[in-house]
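Have a look at the structure below, then the notes.
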Amino acid sequence: MTEIPPKTESAQEPRDAGFSLLELMVVVVILSILALVIVPRVIDRPDQARVARAQSDIAAIASAVNLYRLDNFRYPTTEQGLAALVSMPTVAPKPENYAANGYIARLPEDPWGRPYQYLSPGVHGEFDIFSYGADGTAGGTGVNADIGSWQGS
């Protein structure tokens, strides 16, 4: 019977167990290149996110206005405003079948901290819900453009 010689330390543990400095530098360079490409695109996103949030809020408020109409056979008037969705209006015409808990829990502000605007009848439809955009004034372009319920439909 022949004996198997014991393994030496160099055979048991590989000498090159970690990353070399060169490999780490290559990873850092790749990550830097990715950052240079991606960061400029991400920096522009906050304005797009605010516009998307405004569109989402307007869609939710428009749904609540339509529910109000289903129950009461009319839209809230401009004088009653969007507050009619949270609590029963005190201004005529008073709704006959107002929902016990209202139609929306609270009225959101637009992403720039201002209340959404409401017109009934609207300029663009039976009602208009809109935000004046980043600058808070009518009209504008880009992030300053008005965002309304008539867009995207």
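What the table below lists for this structure:
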| item | result |
| --- | --- |
| Unmet requirement for V143, which otherwise passes all of (1) in contact (Cβ under 8 Å) with a residue 40 or more places away in the chain; (2) part of a loop (DSSP other than H, G, I, E, B) | (2) |
| Hits in the stretch 1-54 - residues which are β-branched (V, I, T) and at pLDDT 80 or above | V26, V27, V28, V29, I30, I33, V51 |
| Sole residue being within 17 Å of A105 (Cα to Cα) and touching a Phe, Trp or Tyr at 6+ places or on another chain (Cβ under 9 Å), chosen from V65, V27 | V65 |
| Which numbered condition Y98 fails, given (1) surrounded by 15 or more Cβ atoms within 10 Å (Cβ to Cβ); (2) within 18 Å of S149 (Cα to Cα) | (2) |
| Unmet requirement for F73, which otherwise passes all of (1) at negative phi; (2) at pLDDT 90 or above; (3) hydrophobic (A, V, I, L, M, F, W, C) | (1) |
| Any hit, the stretch 66-84, residues being of a type in the set (D, E, K, R), free of Cβ contacts under 8 Å to residues at least 24 places away in the same chain, surrounded by fewer than 16 Cβ atoms within 10 Å (Cβ to Cβ) and closer than 19 Å to Q151 by Cβ | no |
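Conditions (1) in a helix (DSSP H, G or I); (2) in contact with a Leu (Cβ under 7 Å, 6 or more places away or on another chain); (3) among the hydrophobic types (A, V, I, L, M, F, W, C); (4) over 29 Å from G140 (Cα atoms), marked per residue:
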{"residue": "A54", "(1), (2), (3), (4)": "yes, no, yes, no"}
{"residue": "D57", "(1), (2), (3), (4)": "yes, no, no, no"}
{"residue": "L70", "(1), (2), (3), (4)": "yes, no, yes, yes"}
{"residue": "I104", "(1), (2), (3), (4)": "no, yes, yes, yes"}
{"residue": "V123", "(1), (2), (3), (4)": "no, no, yes, no"}
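The values are calculated or read from the model by the stated rules, or taken from the named source; none is laboratory data. Please read all numbers here as calculations on a predicted model, not as lab measurements. Every residue, glycine as well, gets a Cβ built from its backbone with ideal geometry; the counts of neighbours run over all protein chains shown.
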